[in-house]
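Visitor: One structure is given below, represented as structure tokens, and several questions about it will come after.
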Amino acid sequence: MAVRNNRVRAYILQPEVDMHPDVESRVENRIREVMAQVLEVEPAAIGANFGRDDAALWSSLNHLRLITALEESFDIRFDMREVARMERFESIQQAVAERLSAPCGRE
């Protein structure tokens, strides 16, 4: 999986090139899949504003499980400041995109 992630990072880091919509869509879909699996909800239920109040199983423990699953899925690592702000799909998507665009996924 690290090879694929390196390809995504390499594409993202190309000068003056935005993330291809297809790559962005696959990243969003994977985030939804991970969230759905950890929180036991349907992926279709996860929109931009989907957050803690929308999932009965989004406890502090499952929040950490979600972060760990995202880190493993994308081969990235979050710091505690990022973890604290990842309370909605939109903020999670932003944090993942920032890490994928960082060298080696870890600043």
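Visitor: Quick one: Arg99 ticks every box in (1) modelled with pLDDT under 95; (2) exposed (fewer than 15 other Cβ atoms within 10 Å of the Cβ); (3) out of contact with any strand residue (DSSP E or B) (no Cβ under 8 Å at 6 or more places or on another chain) bar one, so which box is it?
Guide: So Arg99 meets the others, but not (2).
Visitor: Related question: Every residue in region 51-91 that is in contact with a Lys or Arg (Cβ under 6 Å, 6 or more places away or on another chain) and closer than 11 Å to Leu39 by Cα, please.
Guide: Selection gives Gly51, Trp58.
The values are calculated or read from the model by the stated rules, or taken from the named source; none is laboratory data. The shown structure was predicted, so the numbers you read here are calculated from the model rather than taken from an experiment. Heads up, the Cβs are rebuilt from the backbone with ideal geometry, glycines too, and the neighbour counts pull from every protein chain shown.
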